[in-house]
Structure formats: C-alpha cells, structure tokens
1. Along Cα-to-Cβ, 7 Å out, sits the label point; list in nm, shortest first, how far the one on A:F276 is from those in the other copies.
2. Scan around A:I99 for amide H atoms under 5 Å from its own, H built in the peptide plane at 1.01 Å from N, and keep only partners 5 or more places away or cross-chain.
3. Taking just the C-alpha trace of chain A, give me its Rg and Dmax in Å.
4. If you average 1/r over all unlike Cα pairs in the protein assembly as shown and invert the result, what Kirkwood radius do you get in angstrom?
5. Go through B:S135, B:V332, B:P122 and say which Cα lies farthest out towards the positive end of the charge dipole of chain B; charges sit on Cβ, +1 for Lys and Arg, -1 for Asp and Glu.
6. Out of all DSSP beta bridges with both ends in the range B:61-205, state the antiparallel percent to the nearest 5.
7. Got a sec to turn the phi values of the range B:123-138 into Karplus ³J(HN,Hα) couplings, 6.51 cos²θ - 1.76 cosθ + 1.60 with θ = phi - 60°, whole Hz, x for Gly and Pro?
8. How high is the FRET efficiency from B:A120 to A:I2, r the C-beta distance, R0 25 Å, rounded to 0.05?
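Readers should treat all values here as calculations from the given coordinates under stated rules, not as data from a laboratory. Just so we're clear, the structure is a prediction, and the values are computed from it rather than from any experiment. Counting neighbours? That spans all protein chains shown, and the Cβs are built from the backbone with ideal geometry, glycine included.
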2 protein chains.
Amino acid sequence: MIAVEEAQARILKSLAKRTLSTEVIPIADGLYRVLGEPIHADLDVPPFDNSAMDGYAVRSDILSSPTPEHPIRLQIVGTSAAGHPLPAMGITPFQCYRIMTGAPIPEDADAVVQSEWTMADPTDNDVILVTRPVSKGLNIRRKGSDIPNGAPILRAGSRITPAITGILATLGKNLVSVYREPRIAIISTGDELIDVDQTPLPGQIRNSNAYALYAAVRSAGGSPILLPHTRDDLAAIIETLDQAAQYDVILTSGGVSVGDFDFVKQALDAHGTQDFWRVNMKPGKPMTFGHYRGTPLFGLPGNPVSALVTFELFVRPFIRQWQGDTEWARLVVPLPLLDDFDEISDRRHYVRCQIKNQEGVVGVTANPDQGSAIQTSWLSASGLMVIRENHGPSKKGTLVPVMLIS
Amino acid sequence: MIAVEEAQARILKSLAKRTLSTEVIPIADGLYRVLGEPIHADLDVPPFDNSAMDGYAVRSDILSSPTPEHPIRLQIVGTSAAGHPLPAMGITPFQCYRIMTGAPIPEDADAVVQSEWTMADPTDNDVILVTRPVSKGLNIRRKGSDIPNGAPILRAGSRITPAITGILATLGKNLVSVYREPRIAIISTGDELIDVDQTPLPGQIRNSNAYALYAAVRSAGGSPILLPHTRDDLAAIIETLDQAAQYDVILTSGGVSVGDFDFVKQALDAHGTQDFWRVNMKPGKPMTFGHYRGTPLFGLPGNPVSALVTFELFVRPFIRQWQGDTEWARLVVPLPLLDDFDEISDRRHYVRCQIKNQEGVVGVTANPDQGSAIQTSWLSASGLMVIRENHGPSKKGTLVPVMLIS
C-alpha cells in the first residue's frame, strides 16, 4: 500500500513529458479556462490621471483652511466629463472645473473636491463654496497606478476568473490563448450495468459512475467523452480501450479489484504499462494508473463514492496540472468539529462532511453513513474532512483540515 | 445609507412574485443546474443484497472460531459474478460460492469472507481454508440500505453536482427537469468607453466591466447577453433599455452616481421604478435596484472592483434564488489573520484577500491595494474578508469571517 501523496506524486510526474497545445478563443468564452500565454500591460491603467469622484477639480494650494463658516469661493470655468476632450485651458487658483468620476484632470488642477464638501452659492450658479481643507492629490487616480504600461500582469497558467476577464478586457485581449481542455474518454465495464433509461432486471444496476464521472470531468475543466458501456469480455474491452486511446486520457471505473473478472487489468498487461496500487486511503483503496498504448489511464474503483473521491484526489489534479493551472490544489481550511469524531482508521480517511453555522460557530460535521457504496453520503457534502491514518478520536471543537469541494 | 442585509432583503423580496419556468434536459448537460422537480427513488439501492468484497459467500454459523493454525475447510460449489444469474442452489454449512464485488448473495449464505482471510488448499483447487472468524452479515450490502424504494431523495432547488448526477443516473433520470437559466442583459454606458479590440485615444478606456460581468453572470449560472455599448445620451440609453427589457434581468454598470451624466437614472425615472441606494459597504456604495418597464434592473457602480463586489453580494443571490437554488449562499468560514489588519471603516468592508498556508498556519491576508478602481487587487484573491462597520483594528491571529469566492 502506498500513501496518497506518493500516488499523487507518481501520477503528476508522468506529466513532465507532456504538454497540451493552446487555442485562441474570444474572451467571452474564457471563463475558468487556463491562460496559455503570459499577459503584459499594453498601456497604463488608468491611462490618464482621472477623478475618483464627482466634484470639482481645484488647486489645493489655496484650499488648506476653509471651514463651513469661512468657505472659499471658486469660479466654475468649465466641465470635464469622461469621454469628452479635456478642457484646453488650465485654471488659476480661484477657478475650478466641474468634474465627473473617471474624467481627466484639467491642467493646473492637483486635487478633486467631492460635491459633498462644497455648497452652492445661492446668488451665482457659476460659483461654489469649498467648506473643508483639500490636500494635494485628493481623489485623483494617477495614470498607471493600477497597472503600469509594460508590466507583467498574468502568468501563463492563470485560471480565468470574472475579475481576470475584466483585466484581459482592460488590456485589449479580445482574443486570448488558452490551453486546450484535455479530452477524457470514460469507459464503464461490467455485465451488471444497464443504461440509465432501462429498468434493472434481477442482478442488474444502472450505470451511474459513467454519468457522475462525466460531470466530474466537466467540473474539473476537462472535455468528457462517454464511450459505450462494455461487457466483461477481454476482446470487447480491448476494442473499447483502442477507441479510448485516441483521446488524451482514459478513465475506467470498476474492473480493477482482485476479482476474476478484471479484464481491464488483463488488457493493460497486454497493451500497456500499469502501476496497480492499493492506496492507503478510505474510501477508494484499489486504484490503477498506467498507460494503454501510450495514453494515460486511470482505473478508478467501482464503488460510486470511491470513484468520485479518487477522481478528486488523482484525476482532477492531473487534468488541472496538464492544462498548466498553477493553482490547481483545492483549498484546505481548518474548521472546528461540531461533534465528536470517534472513528479511527489505519488508512487516510476522506470523510464527506457538511460545513454549518451551529449556534454562531462555523464548523464541520461528518455525514452519517460513510460507506463507500453509500451515494447519499455525498448529497449534502460541502467538503471532505481529511483525517490522517491512525489518528485518534477527536473531540468536538478540535480543528480538522477540510478540503473544500464546491 | 442602508445596510448590506437590508439591500439584500429588499432585492430578494421582489422575487416573491416571480417564478422561472423549467426545461427538461439530458442528465449529461445538468452539471450545476438547479433541479426543477423533487426526485423519489424508483427502486431500492442497491436493488439486491450484494457483496462489498471479492471473496467467498459463506454461512457464518460454522465460522465463529477459525484461526490460521486451525482453519475451517469450505468446498467451493460455484461462482456468483455481477451481472450473471444468481446461482440457483443454496449452500450447506461447509460449502461456499466464490463471489465478486457487487455480485448477488446466493441463497443460504449470510456473510462474505474476503479473499485476504482465506488460504488456498495446495491439494484441492475447489477448497478454501478460512483463517479468521466470520460474523453474520459481514461484507454484505443490504438491498435498499443506500436508498429505499420510494424515498424522497432530492428536493426541487438542489444544485446538480457530480455526486447528484450519479444519484440521478442510479434512479433512472436520463432526462431531468431544471429551472431555466435567467437571461441577463448587460449594458454599459459612458462616452469614455471603447471596445476591447480598440486602442484608447486620450480620455478613453476599454470597456472591461461588460466582459467581467458577462463572466460573473455565467459563473453565477445565468445566461448573459452583451448589448452594444451605449453612449451618454438619454434617447440612446432608453433605446438600449427597451431592448434589454425583453430579457429577464437588466444589468448596468456606471451611470448611477451623483454626476450630471447619469442618464440611466433619468431613464428609470421616466419608465420604471427605482430604489436608488447608498449601501453602507466598501467598495461599492452607490447602487440602484429597480424595474424598467417591469424588468428587474441592477445599476452597479462603474468602478471595476465595486461592480464585481456588488454583483457578488446582490446580483448572484438574485440569480441563484430566482432559479430556486436553496443553497445559494456562499460559504463563509472563520480564518485567522496572518498579519495585523488596521484599517477601520464606518462602512462594511469587503476586503479582497488570499488564503495561505504560512508556516503551517492556514490563514488569510489582505491584498495590498484595496482601492475600488484597482483591478489588480482581485488578481490572486480567493475570497473577501468581511470586516463589520466600525470594527476596530484586528491583530494577527484574530479569526475573521472570509466569504469564499472560488
């Protein structure tokens, strides 16, 4: 039996020799894709000094001491509005421009006083009364203060969030290079499996893993392909694997335990290389990683819960890393147990759990039945508590690491 | 100024009169959609008693005391394999069936002993030696133990995760009813805006909010429509709003501050109802919610950071709740500050932050420049620290609530 970290390391190491090509897509289609190129600023952001407020562009040198009782009068000589040509004339000390948020700062002005710090002059519409001291630079956003021209802003390998989409737009990237999504062929084997729209006869079950893994691949940013279900027969499995080997990754579930009917292993023996492991984890112990005719193959356990947990720990990191995602790891945060957790295991235990606010304490509680065939244990899970092998019982209030799976 | 909670409550209250229609889609397309129907089990899961292990189906009554030194001999009389007819014959006490994981339990057997607890008989291939005591029910998964036939399993309003996809498949839902994704029309106004593929002239900036909001809408599970950018002109804005009002929600950014050029407000005055608010938050103070010719309209601030934070706090919950998602709230977890946080604000402060493991402590640190126009403050953010209004400075190690934004 090998440790989870060892299995992860061996799997990710196999990526060293592989690269994924990039493709150019419109920015609007880029959400959650991974940047295939570094991005440098092609301009200063903001591109010119501009106002952070609606108000008046002023010279601060004469505004160090006004009060509501002794305001200072300024003559309004024009307006600076966003998207309109900057006023050509500068201002003298007792002049000002009306200015809108985002509009350029007129010449000679060195601060913007917000409207709330001014009063109207009841006798003259072209005059304002400044009622509070104004310091140099107030409410001015300097050219290049967010992003200086030429600066490196995003690494290749950045995941495109809504905020990054906004930055790419600011920097003029209407088209963007992203890594291709790996195509993952999903195979399910087993004479007991029938398709979802059929009614099981005695001894049959519906094929749920293929659909759960299809969704998991999409959720991890891969492009899933569901191959027809294959019966327990070596020739049939080889035929399906040959088809699957044309894609980037092969994913199987079931057929890798120590039973007699494990033709996937036999097929790998004949046409590939394999590491067959028992990983020291619960659920999900038996698991295969190898290559079938050169294509990486994950043989996940057949139990539905084991299949999704091993996907999460081994396949998702592989998909994300291959795509170049430099921040592929799930967030793991420490949270207090809301109940005692007494179960002890000699294997690393990934416990389906819920994060709850219980009487003002945000903490974590294990879902009731943790059996590896108990699909309903996932229903309301917001994460996996990670309990180390041979860890003793933990009392309510103990901090435990929780891997967040949105 | 109103509190964040008050603004949220008013916005969500307007949903009381609205429902969204449902549509039927293939299960493979269901990821992250919201179920439009409750799901009951149409069968027992598992549908029959079956083996949790590869091993031997046995009668436990004679297996209470074997040891490696004094094993008990059993005659193998057949095989039970998943997907093949159940052996017709039962077993006598000293007989057993070879059995595979998932295969049905033969008549008279009441336990499965895993292969690891047995030895081969070197002289007889049809005999195994059981080396450890076997209790009744060992390694048997009982019919209906995961899901009993007829049980209510999923509420309408459940978000379809990979695990729920698996359960839907198990229950034969190859087609599933989900709520329609609301269509969100995105408008941007401002004479200073140019399209992403253009080079700004003096005083111009590229239109980044429209693309950031497009991605944010997709990320929240809405269907975004980008309308052509509209110049600062009342007639043009009314024309665009009339077009936008044919969709489910209108989203604008900019044009809702107190400046002279705020035609969106004037258009709403003429053809709609509006609540114009200053929400007691930072960033994002000015914000409009209303209805334009009956269609809900969000007028978000024009600053890029403010636009995304107000989207997160007000628009995303609206989209999720309208779709019926019962677990729409973001996860908020308490994490220790990795540095002192000294800033005090009289507004609720949503601080872009990073969650990090620093010398073994998982905690949170504020990104450097929190200005509402500083797009780069979002770059590496994994969440928003929520600092209450008038909260004093907080020392390193203090727990602060962090809203997780994946």
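1. Nearest to farthest, the other copies are at 7.4 nm.
2. A:G55, A:Y56, A:A57, A:S80
3. Gyration radius and largest Cα-Cα distance of chain A: 31.0, 98 Å.
4. On the way: mean 1/r = 0.0336 Å⁻¹.
Its Kirkwood hydrodynamic radius stands at 29.7 Å.
5. Projecting each Cα onto the dipole axis, the largest value belongs to B:V332.
6. On the way: 8 of 14 bridges.
Antiparallel: roughly 55 percent of the beta bridges in the range B:61-205.
7. Karplus-based 3J(HN,Hα) across the range B:123-138 equals 9, 8, 5, 9, 10, 10, 10, 8, 10, 9, x, 10, 9, 4, x, 4 Hz.
8. Working: r = 26 Å, r/R0 = 1.05.
Efficiency at R0 = 25 Å is approximately 0.40.
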